[in-house]
Amino acid sequence: MIGIATVACAQDCRLPVYSGSLKDVKLGSWGSGTIELDEEEEYLEDKALKVETTGFFAGGRLILSNPQDAGQFLSNPEGGYLKLVVKINEPAPVQPGMPGGFPGDMPMDPGMMDPGMMPPGWQPGMMPPGVDPGAFPPGAYPMEPGMMPPGMDPAMMDPAMMDPAMMDPGMMEPGMMGPMAAPEPPAKIEQLRALIVTDLGAIDSGAIDIADYPEIIEDWVEIVVGLDQFKGAVDVTGGKIEQIALFGNVEETFWIGDLTLGYEPQPLVADAGPNITTKVDVETEFRAAPQPAGANATYAWDFDDIDGIQGEGYGAETTWTFVTPGYYTVTLTVSDANGRKVSRIDRLNVKVTE
């Protein structure tokens, strides 16, 4: 594993804060959140870090054993970046059922009992085994509408409960409980937040939309955030980076497979151009801004981020035809063909009319 060491970033450089090893970092909680090495979850055959977050102010932090000069990454913030490879937990779907419980929690109509669960010869409507027939007046089982349950004091009975419909031992009549509210979908982390903490103060990434970034391998998403997007109350360029803290927007779990700080004097340029308006069934042109001299870049375009970020067009110039009116987010991903620089992403909005 590559350890953390102080680096003078006159050229492209990467500082792996976590890449499968805790040799040069310690883990610590932030607020009510936790972070730990997960013995089961892996990224590229290395153990991942498991973060339990309860919101944007509670998560986990990685504490650098050797604090790093912030200036090497922040002297030109457009060249500095934070790269994360993360996996988001998929919450279990809500089970359908009655409010406050499941259908099995409701009293069962004797006629609904599974005959296979009863002794041979038992038939629906017969007294369940083990019940003393003398405890019930004739005709009380199955209970007839309007009958008083055995042992019930009539003075204690709510008159409203004497409604024959309420005394039916079968299934309740449709609509008696009113419309059943649809269950709330389970919470899922949709945004992350990162803090870079120095001895002079901290800088904050703000909300990072996970859906804006591509999945690189199954369930793992690569996020690259330029350090020019981080904001703080003080200038921390002259300080030392001591910690990096990470949070999710809801109470849930996510994993970190890789966390890297980096700097590139000549980063790739991802500029998809201004927002545009076009029409249905019209071939629409898209053109990316040029790269710095000597860059060997590839370009991938996604023309509708609803189905995830994926390549649908390639090259610095491409075209696309929208077949349905509406509003679309187009994503441009610029990558280094040699794999030496981090990929950069830009987006533009497209309005498609009839």
Open item on the list: Every residue in region 196-221 that is acidic (Asp, Glu) and at positive phi, please.
Closed with: Asp219
Open item on the list: Which of the strands (runs of 3 or more DSSP E) found entirely inside region 240-288 contain at least 1 residues meeting this: of a type outside the set (S, T, N, Q), touching a residue at least 40 places away in the same chain (Cβ under 8 Å) and farther than 27 Å from Tyr314 by Cβ?
Closed with: 240-248, 251-263
Task: Conditions (1) modelled with pLDDT of 90 or more; (2) surrounded by fewer than 20 Cβ atoms within 10 Å (Cβ to Cβ); (3) not in a strand (DSSP E or B): number failed by Gln95 - done: (1)
Open item on the list: So, restricting to strands (runs of 3 or more DSSP E) that lie completely within region 22-78, which ones have at least 2 residues that are closer than 17 Å to Val250 by Cα, of a type in the set (Val, Ile, Thr) and touching a residue at least 40 places away in the same chain (Cβ under 8 Å)?
Closed with: 46-54
- [ ] Quickly run through region 321-340 and pick out the residues that are crowded, with 18+ Cβ neighbours inside 10 Å and within 30 Å of Gln266 (Cβ to Cβ).
- [x] Val330, Thr331, Leu332, Thr333, Val334, Ser335, Asp336
Task: region 2-18, subset in a loop (DSSP other than H, G, I, E, B) and more than 15 Å from Ser65 (Cα to Cα), residue modelled with the lowest pLDDT - done: Ala8
Task: Enumerated strands (runs of 3 or more DSSP E) restricted to region 311-354, each holding at least 3 residues that are touching a residue at least 12 places away in the same chain (Cβ under 8 Å) and in contact with a Lys or Arg (Cβ under 9 Å, 6 or more places away or on another chain) - done: 326-336
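The values are calculated or read from the model by the stated rules, or taken from the named source; none is laboratory data. Since this is a predicted model, take the numbers as computed values, not measurements. All Cβ positions, even for glycine, are placed from backbone atoms using ideal geometry, and neighbour counts span all protein chains on display.
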